[in-house]
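Structure first, then comments.
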Amino acid sequence: MKGEVLLFISLLSLGSVIGQVSYTIPEEMAKGSLVGNIAQDLGLESKRLTSGKARIYTRDSDEYIELNRERGVLLVKQRIDREALCRQTTPCALHFQIILDNPMEFYSVTVQITDINDNTPTFEKSEKKFKISESAITGAKFVLERAVDLDVGLNDLQRYELKPTDHFALKIHNNADGNKNVEMVLQKPLDREKQEQISLVLTAVDGGDPQMSGTMLIVITVLDHNDNAPVFTQPTYKSAVTENSPKGTVVATVTASDADQGSNCKITYSITNTLDDVRKIFEVNEQNGEVLLIGNIDFEDSRNYQINLLASDEGGLTDSCKLFVDVQDMNDNEPEINIMSKSNVISEDAELNTVVTMINIEDMDSGENGNVKCLINENIPFALKKSTNNFHSLVTDSDLDRETASQYNITVTCSDEGVPSLSSSVTLTLQISDVNDNAPVFDSSSYEAYIVENNTPGLSIFTVRARDADWNQNARVSYILEDSSVNGVQVSSYVSVSADSGVIHAVRSFDYEQIKDFHFRVKAQDGGSPPLSSNVTVKILIQDQNDNPPQVLYPVQTGGSLVAEMVPRSADVGYLVTKVVAVDVDSGQNAWLSYKLQKATDRALFEVGLQNGEIRTIRQVTDKDAVKQRLTVIVEDNGQPSRSATVIVNVVVADSFPEVLSEFTDFTQDKEYNDNLTFYLVLALAVVSFLFITCLVVIISVKIYRWRQSRIMCHSNLPVIPYYPPRYSDTLGTGTLQHVYNYEVCRTTDSRKSDCKFGRAGSQNVLIMDPSSTGTMQRIQSEKSILDEPDSPLEVRCNLQSIYFLNIVSLDK
Ligand SMILES: *[C@@H]1O[C@H](CO)[C@@H](O)[C@H](O)[C@H]1NC(C)=O
Ligand SMILES: *[C@@H]1O[C@H](CO)[C@@H](O)[C@H](O)[C@H]1NC(C)=O
């Protein structure tokens, strides 16, 4: 319809134009669509078209229009695309001729193609990518692609739209050539950290009806800019670590984050402490922020650390934080014992609570680990006292005695309360110094010592010993002989005591027959100040030596003695002829006398009593027996070696005195005695003389002996080993022999009754030194037993001036 209208208009306008027809059709009509009734419009018969072989002539290669000769119409031969045909040119028309033969005629036909909105605005690419730094400033322009719409006129591209419009605005820039530049302008700063990617849609819209549009996706990647500093997750961190933790222990981990990207968020950690030695102890892992221990951590050095940490990204932005590390105590320090002052020596008389040592105790640990308790070993007289905290004093808490313990090893042990507990100890050696608190003590409460008479002067008799429990000078004992007298003589003239050794020496030679024992006191004194002393009694017992031979008292031996015993021929067997009486001034065995017949005229007639010296007949006297019988009797003591004396006993075997006299001349060849009286007188005189001489000899011998002894004493420096008789030890009344027998004094009241009495035990038979005498006087007394008897027949007294020999025998006729 519309085509027809157009045709009509053109016919009207081209009425004068011969053979020219114009049509207007829209593009994109379907094939076979009617373009125009050409026959009618040209006023030609349809036959003419057929006959004239009407055909279209065109220079174009493609034929869009075809002629239907039968119907006389022009039809669309193929799709007509205005945009393909004319592009942007307007108006767009197809020009061709219709040629007729018979006759040949031609007509020009113009078919104008009108545009329809059949093309959408299109972008060359559906997506456009941008990378824009977040640091891009506002106003920055980004050129966008234009869209193309093949349509023309109103159907062409009319405008662009960009959405969303948060950051960017669209700016259309009209170029001089009529083209439009489409730009995107940054209106608001970008922030990668908020939005890393922005998608925009650019829409191009044409003006056709219906409107058509094309879109393009704009993808903007916001590039990072280092606009964010690292940030620690906490401004301060806290951590604790036990001391002595091994190296490499992770103390804490700090973390910082950076909102930036890539290298801008690559954080490195570091420690920034400079003044302290934190960096020698701690290290931070640059990459992961682990704080490690690289040094020794000691609670006692530092109880906490403040570590300044820095996090920095590669762009140089930083953040800092602090890490507080508390060091936790471990019981790693043993108590330390310091001796502040001490005395190595303390006197044994120190008072209680005397301070010996001051001790200071330290434990570097804290809390329980630093609580220290101290002990000392037990059973010692010391105590440990705590004064103020950490100070202790070691004091004495009971009496000291050097003599029991002269040294103490005091071990002070201190331990803390940690788990496990640590302890340490120190040993003090304390010497106890001596005080003179012990007197010397003798080994025995009293001493008895023996010395054999006739000793060498200077002979050591015995040693006393006293011990002193003290020490050194206080224990140095000296021995002192205490003054006393023995028989009125200073004891020092008898014995001396060696001050150092306590050896008791005899000063003189002792004579048992003069003194049998004596005692004195020895004092032992130590060297302390003041000195202490004690004393002991020493009794010296003098032992007898067999130094005196037996002395025959009867029969008296005189040079020309005529004494004879008479035996009647009628005498029975066992008749007591006489009795040999002898004494020995020695004692004991040494005075134990035995009598033996040594020689005899007729051994078969007499015997001698071994013990008592009695001479008896052992057979009947016969007439054949000689009148004169001579017997030699030996008297021996029992000493070692024994001493002896011999005595000759004349026996006359006769019944009457004249017979005796007649025979007696044979005894003494020199003289004859006719008178009994004369005989007795001579006999008495002879006996007296003999005794006198004997006494004189004894006195002189004693004098000489003493004189020699004193000389020996002066000259002899050699030690003298005393001789003790092996078999005899006189134990003063406890032995078998008693001293009462030391002196045998025999009296014979009647020899025929064989009556010989010995002094009884208990009688005081003494040999005494008589100081009143001008010389040495030996006196033998038998006081009680003999003298007390009224008819005491026998007393022997020997004196320098006078010698009495009284009534030695009463011969029984
Ligand atoms: C003390 O110790 C010393 C040396 O260790 C030792 O010789 C001494 O016998 C000890 N004394 C005591 C009383 O234990
Ligand atoms: C000897 O010792 C005793 C105690 O044993 C004492 O009584 C006496 O006084 C002492 N004698 C002297 C002379 O010291």
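The values are calculated or read from the model by the stated rules, or taken from the named source; none is laboratory data. These numbers come from a predicted model, not from an experiment. A quick note on method: Cβ atoms are made from the backbone with ideal geometry, for glycine too, and the neighbour counts reach across all protein chains shown.
A few comments on the model shown:
- Tally, over the range 607-637, of residues that are free of Cβ contacts under 8 Å to residues at least 60 places away in the same chain and part of a loop (DSSP other than H, G, I, E, B): 14
- Checked against (1) within 16 Å of ligand 2 (Cβ to nearest atom); (2) in contact with a Leu (Cβ under 9 Å, 6 or more places away or on another chain), Leu428 passes all but condition (1).
- Qualifying positions in the range 410-425 - among the acidic types (Asp, Glu) and in contact with a Leu (Cβ under 8 Å, 6 or more places away or on another chain): Asp416
- Per-region count, the range 290-331, residues under 47 Å from the mean Cα position of the chain (by Cα) and in contact (Cβ under 8 Å) with a residue 12 or more places away in the chain: 28
Yes or no, residue by residue, for (1) on the phi < 0 side of the Ramachandran plot; (2) out of contact with any Lys or Arg (no Cβ under 9 Å at 6 or more places or on another chain):
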position: Gly19; (1), (2): no, yes
position: Asp41; (1), (2): yes, yes
position: Tyr64; (1), (2): yes, no
position: Asn68; (1), (2): yes, yes
position: Leu74; (1), (2): yes, yes
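- Annotation: of all residues in the range 401-424 being within 20 Å of Val355 (Cβ to Cβ) and of a type outside the set (A, V, I, L, M, F, W, C), the one that is farthest from ligand 1 (Cβ to nearest atom) is Thr413.
- For the range 85-92, the criterion of a residue being closer than 25 Å to Asp156 by Cβ, of a type outside the set (Lys, Arg), more than 60 Å from the chain's Cα centre (by Cα) and in a helix (DSSP H, G or I) is satisfied by at least one position.
- Looking across the range 529-561, the residues that are part of a loop (DSSP other than H, G, I, E, B) and either within 16 Å of ligand 2 (Cβ to nearest atom) or in contact with an Asp or Glu (Cβ under 6 Å, 6 or more places away or on another chain) (or both) come down to Pro530, Pro531, Leu532, Asp544, Gln545, Asn546, Asn548, Pro550.
- With respect to being in contact (Cβ under 8 Å) with a residue 24 or more places away in the chain, within 16 Å of ligand 1 (Cβ to nearest atom), hydroxyl-bearing (Ser, Thr, Tyr) and surrounded by 14 or more Cβ atoms within 10 Å (Cβ to Cβ), Thr456 falls outside the description.
- Look at the range 186-199: where a residue is part of a loop (DSSP other than H, G, I, E, B) and a partner is of a type in the set (Asp, Glu), sitting 6+ places away or on another chain with Cβ atoms under 7 Å, you get Lys188/Asp166; Leu190/Glu134; Asp191/Glu134; Arg192/Glu134; Arg192/Asp224.
- Qualifying residue in the range 11-21 (condition: surrounded by 15 or more Cβ atoms within 10 Å (Cβ to Cβ) and modelled with pLDDT of 85 or more): yes
- In the set (1) over 30 Å from Ser135 (Cβ atoms); (2) in a loop (DSSP other than H, G, I, E, B), Asp260 fails one condition alone, (1).
- Screening the range 430-444 for residues that are more than 23 Å from Thr411 (Cα to Cα) and of a type in the set (S, T, N, Q) and picking the one that is surrounded by the fewest Cβ atoms within 10 Å (Cβ to Cβ) gives Ser444.
- Restricting Ile432, Ile461 to residues that are within 16 Å of ligand 1 (Cβ to nearest atom) and assigned to a strand (DSSP E or B) narrows the list to Ile432.
- Residues within the range 477-505 that are within 18 Å of Phe442 (Cα to Cα), aromatic (Phe, Trp, Tyr) and more than 51 Å from the chain's Cα centre (by Cα), tallied: 0
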